[in-house]
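The values are calculated or read from the model by the stated rules, or taken from the named source; none is laboratory data. Quick caveat: nothing in here was measured; it's all calculated off a predicted structure. Cβ: placed from backbone, ideal geometry, glycine included. Neighbour counts: every protein chain shown. Ligands, DNA and RNA are stripped out before the accessible areas are found, and what is left, the full protein with its side chains, is counted by its heavy atoms. Shrake-Rupley method; radii C 1.70, N 1.55, O 1.52, S 1.80 Å.
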Amino acid sequence: MEESRPPTVVALHGRLASDTVPSLEPMLAGLLDEQPRLVVDLSQVAVCDTAGAELLADAARRARERGGELRLAAPSAAVSPWLLVAELMAQIAIFTSVDGAVGADELDLLGPAPCIDELEAWPRPARAFGARRPQWKDWSSRRSSARRRPVSRRP
């Protein structure tokens, strides 16, 4: 019956940093003890540091130990760089919206699957450019005066 319950949604606001982690850690631990399926809305987080990223990774580990999972939703620009830290966030599902995270919508999935064992069940969305990113040309080295002169068609 616990499996049919929707996950609990928690919206974090402000700072997810070393000065706020001590107060957030017991709150997240208590929620995970009560319901091991948790969605953390990160859209209003203005500051994130290493301690904040470690808090999310520890909460995900705690959820897995209790047979649940932690999903991250709508990461703000402050949190996004920390989601690339492979060791910390490798097994946390990251979604573009809270609704996508609650429903585990694979089309809304941004990051890795929630569990390495379930990679087959959680396909990654197709990338627009395949495995390679487009290579952008650097036009800054060209002379700016060359662009201003009209091109003469005379022989």
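Observations, loosely collected:
- Selected residue (criterion: surrounded by the most Cβ atoms within 10 Å (Cβ to Cβ)) from residues of the stretch 84-100 that are assigned to a helix (DSSP H, G or I) and either under 11 Å from the mean Cα position of the chain (by Cα) or modelled with pLDDT under 65 (or both): 89
- Qualifying residue in the stretch 10-27 (condition: at pLDDT below 90 and either over 21 Å from residue 99 (Cβ atoms) or open to solvent by 30 Å² or more (accessible area, probe 1.4 Å) (or both)): no
- Residue among 45, 39, 85 that alone is under 13 Å from residue 101 (Cβ atoms) and in contact with a Ser or Thr (Cβ under 9 Å, 6 or more places away or on another chain): 39
- Number of positions in the stretch 23-39 that are under 19 Å from the mean Cα position of the chain (by Cα) and of a type in the set (Gly, Ala, Ser): 0
- Qualifying residue in the stretch 51-60 (condition: open to solvent by 60 Å² or more (accessible area, probe 1.4 Å) and of a type in the set (D, E, K, R)): yes
- The residues of the stretch 101-124 that are surrounded by 19 or more Cβ atoms within 10 Å (Cβ to Cβ), part of a helix (DSSP H, G or I) and modelled with pLDDT under 90 amount to a single one, 108.
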